[in-house]
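The values are calculated or read from the model by the stated rules, or taken from the named source; none is laboratory data. Note that the structure is predicted; figures quoted are calculated from it, not measured. Cβ placement follows ideal geometry from the backbone for every residue including glycine, while neighbour counts extend to all protein chains displayed.
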Amino acid sequence: MDHKNSMKKVWIKPGCITCGTCEFIAPEVFEVTDICRVKDDAPLSDYAAEIKQSIRQCPVSVIEAED
Ligand code: SF4
């Protein structure tokens, strides 16, 4: 099935400054404590738009995604 908003994988490269922006935009996907991590079993495709927005708004451009 061709899924318009498919999102297979999301990860954070080294250099995150734990600003919290990605968690604010997509708390279902990102969790920011002393590090930022992608939650286990996060429904990535359901939040593809929010993930893309987080990628654009991350101040240090460390969010990567494979769609
Ligand atoms: S937006 Fe970028 S710098 Fe900010 S917490 Fe998320 S990954 Fe880290």
Quiz item: Looking at segment 58-67, which of its residues are assigned to a loop (DSSP other than H, G, I, E, B) and either more than 6 Å from the ligand (Cβ to nearest atom) or surrounded by fewer than 17 Cβ atoms within 10 Å (Cβ to Cβ) (or both)?
Solution: Pro59, Val60, Ser61, Val62, Asp67
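A quick yes/no check of all residues on (1) in contact with a strand residue (DSSP E or B) (Cβ under 7 Å, 6 or more places away or on another chain); (2) of a type outside the set (D, E, K, R):
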site	(1), (2)
Val10	yes, yes
Gly15	no, yes
Thr18	yes, yes
Val32	no, yes
Leu44	yes, yes
Glu50	no, no
Ile55	yes, yes
Pro59	no, yes
Quiz prompt | Subset of segment 36-57 (residues that are exposed (fewer than 14 other Cβ atoms within 10 Å of the Cβ) and hydrophobic (A, V, I, L, M, F, W, C)) | solution = Ala49
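Within segment 18-35, is even one residue part of a strand (DSSP E or B) and touching a residue at least 12 places away in the same chain (Cβ under 8 Å)? Walk me through it before giving the result.
Pass one, segment 18-35, residues part of a strand (DSSP E or B): 30-32.
Filter once more, keeping what is touching a residue at least 12 places away in the same chain (Cβ under 8 Å): 30, 32.
Checked against the condition, which is being part of a strand (DSSP E or B) and touching a residue at least 12 places away in the same chain (Cβ under 8 Å), segment 18-35 yields at least one hit.
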Quiz item: Considering only residues of segment 1-35 that are modelled with pLDDT of 95 or more and among the polar types (S, T, N, Q), which is surrounded by the most Cβ atoms within 10 Å (Cβ to Cβ)?
Solution: Thr21
Practice problem: Identify all residues within segment 39-57 that are in contact with a helix residue (DSSP H, G or I) (Cβ under 8 Å, 6 or more places away or on another chain) and either near the ligand (Cβ under 10 Å from one of its atoms) or aromatic (Phe, Trp, Tyr) (or both); write none if there are none. | Solution: Ser54, Gln57
Quiz prompt | Residues that are assigned to a helix (DSSP H, G or I) and either under 9 Å from the mean Cα position of the chain (by Cα) or under 14 Å from Asn5 (Cβ atoms) (or both), drawn from segment 39-57 | solution = Leu44, Ser45, Asp46, Tyr47, Ala48, Ala49, Glu50, Ile51, Lys52, Gln53, Ser54, Ile55
